[in-house]
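> Sharing a structure, written as C-alpha cells. Questions coming.
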Amino acid sequence: RPPRPTRVHYTPRFGAGDVSEIRWFKGPKGVHSYHMMNAWEDEAGLLHFDACLNSTNAFAFIREPSGIHLQPWEVQGALTRWTVDPKAEGGEVTETVIGPPGDFPVIPAAWQGRPYTHGWMLTMNPELQGPPLPGGPVGAMFNLLLRLDMRGGPPQALALPPMAGFNEPVHVPASDPAHEGWLVTIVDQLIGEDQFLHQAWVLDAGNVAAGPAAKVTIPHRLTTYFR
C-alpha cells in the first residue's frame with residue numbers, strides 16, 4: 001500500500017549464514033516492482049539494483065481490492081537504480097532514474113549479476129498517432145522497444161503502428177562474441193473485427209531500430225487477454 005516504505009536487504013552469498021550479516025535498507029514509500037533488469041557489485045563495493053518500479057501495483061485487479069483506485073495514467077514509474085553500501089549498518093537506498101516507465105527488461109543471461117553496458121525493455125510510444133492495442137493485465141499493450149546504453153549513450157527505439165503491441169522479448173546470444181545477439185518477441189496486431197495477426201519477430205539486438213530481420217506468422221490465436 002502507498003503509505004508503507006519499501007525494504008531491501010542483502011545477505012552475503014558466501015557468508016557465515018548468520019542473521020547478523022543481514023543488512024536492511026529503506027526505500028521510498030508505496031513502490032512496486034515485477035521485473036528486474038540486473039543487480040551487481042561495482043569496483044567500490046557498492047550494490048546496484050536496476051528494476052522497473054511503479055508508484056503502486058500496475059494491475060487494477062490486484063490494486064483495487066486493496067482499496068487503491070487510480071486511472072492507468074495516474075500510476076507513475078521508471079526504470080530505476082537503487083544503490084546501497086553493504087559495509088554500512090543500514091540506512092536508505094540511493095535512487096537514480098535510468099530509463100522510462102515500462103517493463104520486461106532483459107539483458108544477456110551471461111551478464112546477470114555483473115556490470116553491464118546495455119539492455120532492452122518495453123515501453124509506450126509517446127508519439128503514437130492512434131490508439132494502443134487494448135489487452136494484457138494493464139489494459140494496453142506496449143508498443144515501443146528500446147535498447148538502452150547504460151553508459152549514457154543515446155537509446156535506440158523501434159515503434160509499432162496503432163493497434164499493435166510487443167510481448168516480452170527474449171535475448172538469444174550470437175556465436176560471434178562481437179555481435180550483441182538477437183531479440184525474439186511476439187508482435188500482435190489487430191487487423192479486423194476480433195481478427196489478429198500474430199508474428200514472431202527476430203531483431204538484431206544491437207540495431208533494433210532497423211526493424212525485424214525475420215518475421216514468422218503464427219496461424220493461431222495466441223491469447224485471451226484481448227478485450
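> Going through the range 91-128 one residue at a time, which ones are surrounded by fewer than 14 Cβ atoms within 10 Å (Cβ to Cβ) and in a loop (DSSP other than H, G, I, E, B)?
Those that are surrounded by fewer than 14 Cβ atoms within 10 Å (Cβ to Cβ) and in a loop (DSSP other than H, G, I, E, B): GLN112, GLY113, ARG114, PRO115, THR117, PRO126, GLU127.
> May I pose another question? Could you check the range 121-135 and list, in sequence order, the residues that are closer than 18 Å to ARG147 by Cα and in contact (Cβ under 8 Å) with a residue 12 or more places away in the chain? Give the derivation first.
Here is the first cut: in the range 121-135, the residues closer than 18 Å to ARG147 by Cα are 121-127.
Of everything in the range 121-135, those that are closer than 18 Å to ARG147 by Cα and in contact (Cβ under 8 Å) with a residue 12 or more places away in the chain turn out to be MET121, LEU122, THR123, MET124, ASN125, GLU127.
> What number of residues in the range 216-227 are open to solvent by 60 Å² or more (accessible area, probe 1.4 Å) and either touching a residue at least 24 places away in the same chain (Cβ under 8 Å) or over 26 Å from PRO137 (Cβ atoms) (or both)? Give the derivation first.
Residues of the range 216-227 open to solvent by 60 Å² or more (accessible area, probe 1.4 Å): 216-217, 219-222, 224-225, 227.
With either touching a residue at least 24 places away in the same chain (Cβ under 8 Å) or over 26 Å from PRO137 (Cβ atoms) (or both) added as a condition, the list becomes 221-222, 225, 227.
Final tally of qualifying residues: 4.
> Within the range 152-206, can you find the residues that are of a type in the set (Asp, Glu) and either in a loop (DSSP other than H, G, I, E, B) or surrounded by fewer than 14 Cβ atoms within 10 Å (Cβ to Cβ) (or both)? Steps first, please.
The initial filter retains those residues of the range 152-206 that are of a type in the set (Asp, Glu), namely 168, 176, 180, 188, 193-194, 204.
Hits for the range 152-206 are GLU168, ASP176, GLU180, GLU193, ASP194.
> Pairs only if they're at least six apart or on different chains, beta carbon under 9 angstrom, first in the range 82-96 and under 22 Å from SER33 (Cα atoms), second aliphatic (A, V, I, L, M) and exposed (fewer than 14 other Cβ atoms within 10 Å of the Cβ); list them, first residue then second.
That search, which allows pairs on different chains as well, returns ASP85/ALA44.
> May I ask you to list pairs of residues, at least six apart or on different chains, whose Cβ atoms are under 6 Å apart, with the first in the range 44-72 being modelled with pLDDT of 75 or more and surrounded by fewer than 16 Cβ atoms within 10 Å (Cβ to Cβ) and the second being among the β-branched types (Val, Ile, Thr) and not in a loop (DSSP other than H, G, I, E, B)?
From residues that are modelled with pLDDT of 75 or more and surrounded by fewer than 16 Cβ atoms within 10 Å (Cβ to Cβ), the pairs are LEU46/THR83.
> Next question, about the same structure. Quick check on my filter: what residues within the range 129-151 are under 17 Å from the mean Cα position of the chain (by Cα) and assigned to a loop (DSSP other than H, G, I, E, B)?
Answer for the range 129-151, where residues must be under 17 Å from the mean Cα position of the chain (by Cα) and assigned to a loop (DSSP other than H, G, I, E, B): GLY136, PRO137, VAL138, MET141, PHE142, ASN143, MET150.
The values are calculated or read from the model by the stated rules, or taken from the named source; none is laboratory data. Predicted model, so just to flag it, every value in this text is computed and none were measured. With ideal geometry, Cβ positions are generated from the backbone for all residues, glycine too; neighbour counts draw on all protein chains shown. Surface accessibility is based on the protein's heavy atoms, side chains included, excluding ligands, DNA and RNA. Shrake-Rupley method; radii C 1.70, N 1.55, O 1.52, S 1.80 Å.
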